[in-house]
1. What's the number of the only condition in (1) more than 22 Å from the chain's Cα centre (by Cα); (2) part of a helix (DSSP H, G or I); (3) over 22 Å from residue 375 (Cβ atoms) that residue 88 fails to meet?
2. Evaluate region 81-98: report whether one residue or more is under 24 Å from residue 205 (Cα atoms) and either free of Cβ contacts under 8 Å to residues at least 24 places away in the same chain or within 16 Å of the ligand (Cβ to nearest atom) (or both).
3. Being closer than 11 Å to residue 132 by Cα and in contact with a helix residue (DSSP H, G or I) (Cβ under 7 Å, 6 or more places away or on another chain) is the filter here, so list the residues in region 173-217 that pass it.
4. Does residue 221 satisfy being on the phi > 0 side of the Ramachandran plot and open to solvent by 10 Å² or more (accessible area, probe 1.4 Å)?
5. Exactly one condition in (1) modelled with pLDDT of 95 or more; (2) of a type outside the set (Val, Ile, Thr); (3) surrounded by 24 or more Cβ atoms within 10 Å (Cβ to Cβ) is false for residue 256; which is it?
6. Checking residue 60 against (1) outside any loop (DSSP other than H, G, I, E, B); (2) surrounded by fewer than 16 Cβ atoms within 10 Å (Cβ to Cβ); (3) more than 16 Å from the ligand (Cβ to nearest atom); (4) modelled with pLDDT of 95 or more, which single condition isn't satisfied?
7. Taking into account only those residues within region 4-16 that are in contact with a Lys or Arg (Cβ under 9 Å, 6 or more places away or on another chain) and open to solvent by less than 40 Å² (accessible area, probe 1.4 Å), which is farthest from the ligand (Cβ to nearest atom)?
8. Within region 227-248, can one find any residue that is without any contact (Cβ under 8 Å) to a residue 12 or more places away in the chain, open to solvent by 10 Å² or more (accessible area, probe 1.4 Å) and either on the phi < 0 side of the Ramachandran plot or in contact with a Gly (Cβ under 9 Å, 6 or more places away or on another chain) (or both)?
Amino acid sequence: MFEKKLVCTRCGAEYPLASGIYKCPKCGAPLDVTYHYEDIANLIEDDDPWFRESPHVWKYWMFLPVKNLKRIVTLNEGGTRLYRLKRLEEKLGFGRLYVKYEGENPTGAFKDRGSSVEVTKALEFHAKRLIVASTGNMAASISAYGAKAGLEVTIVVPEGTPEEKLTQARVYGAKVEVYGKTYDEALAEAERKAVEEDYYLTGNYHYRVEGQKTTAFEILDQLRYNVPDWIVVPVGAGTHLRAIWKGVKEFHRVGLIEELPKIAGAQIEGYDSVVRAWKTGKPVEKVEKKVPTIASAIAVKKPVDGENVIKAVNESGGHLGTVTNAETAEAGLMLGREGIFVEPSSATSLALARKMREEGVIEKDESVVVVATGHGLKDVKTWERILSGNFVV
Ligand SMILES: [Zn+2]
């Protein structure tokens, strides 16, 4: 409704909001949806009852690129709770520590925010069948939203994807294709099939970013527009971190907040291409080895939004860091003791926040929100291995 155009995140080329365009035809970089922000700012008045509405993805419809709100594909995604962890904040020396627990989404992961917007757009573009490459969570999520929309879904996943996620996708009626050893190989296959076999390609593209930025909207809404000092996010493809930074900047631009938080991104050991590029100032290079990991959901060799993650972190004065399997497992168990069960990759954000605090990057008394992206039941076998003292296969 208020969306304007697509702009390349690297070269700045502009395109209309059309179907069949997934990345910049000129330079291959991800695209970004822009809006008429003045119109959005004019729409929201100071004493608007809108402020009192409970947070959920479509509360922020004016920041979402859809034509007809009566035709959205929704399973009531978002509205996940923000828990304050008082015991942990005291133990680790934070001013305030919160976890945004995305495991409370309909399919158990943050991906549902993006899938709701993406599948709504697929219907607008008259898509008949969807395809997605995934490490598992996005596959399950697109399968659910495709089912809700009455569309056929094919998912392409690498070997080693947790069975729980594949079973979930099959129950939603998706066709599962296991392809390649890594997410990057599965992605190349899904993109090939989309072109050659007329699928609508879903995944880490611009419409998903729009849904994912509502994580940031909700955090700020739930904190009553008091901006935290830090938001710490796991980095797989990097799209969620990029989206969260976009979300806070949009709230800032329309005058809903006056300051901006610093953004930090956590990668898992062995899959640290973005951290390396950030530290050396060099381009994001593919990590060459496949390393045993407990964080399969973020085991990405060359994140599609790597450049955008670095841009967001630098713009915000933030930080990027790598955490080990052991540090991640320990952080996951700490969350467990607070009553929050996350899949191992989701614990990388707390693991990094803890490290940043120890290193003095996060100062004493600063407020921190860690984003936990998926439910622990998504990857039970890995937790069984961790509990038996055998971290990785
Ligand atoms: Zn470009």
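The values are calculated or read from the model by the stated rules, or taken from the named source; none is laboratory data. Computed from a predicted model, the values in this text were never measured in an experiment. All Cβ positions, glycine included, derive from the backbone under ideal geometry; neighbour counts span all protein chains shown. The accessibility values were calculated without ligands, DNA or RNA, using every heavy atom of the protein model including side chains. Shrake-Rupley method; radii C 1.70, N 1.55, O 1.52, S 1.80 Å.
1. Going through (1) more than 22 Å from the chain's Cα centre (by Cα); (2) part of a helix (DSSP H, G or I); (3) over 22 Å from residue 375 (Cβ atoms) one by one, residue 88 breaks only (3).
2. Checking region 81-98: not a single residue is under 24 Å from residue 205 (Cα atoms) and either free of Cβ contacts under 8 Å to residues at least 24 places away in the same chain or within 16 Å of the ligand (Cβ to nearest atom) (or both).
3. Those that are closer than 11 Å to residue 132 by Cα and in contact with a helix residue (DSSP H, G or I) (Cβ under 7 Å, 6 or more places away or on another chain): 174, 176, 199, 200, 201, 202, 203, 204.
4. When the stated conditions are applied, residue 221 does not pass them.
5. (3)
6. All conditions are met except number (2).
7. Only one residue tops the list, namely 15.
8. Checking region 227-248: not a single residue is without any contact (Cβ under 8 Å) to a residue 12 or more places away in the chain, open to solvent by 10 Å² or more (accessible area, probe 1.4 Å) and either on the phi < 0 side of the Ramachandran plot or in contact with a Gly (Cβ under 9 Å, 6 or more places away or on another chain) (or both).
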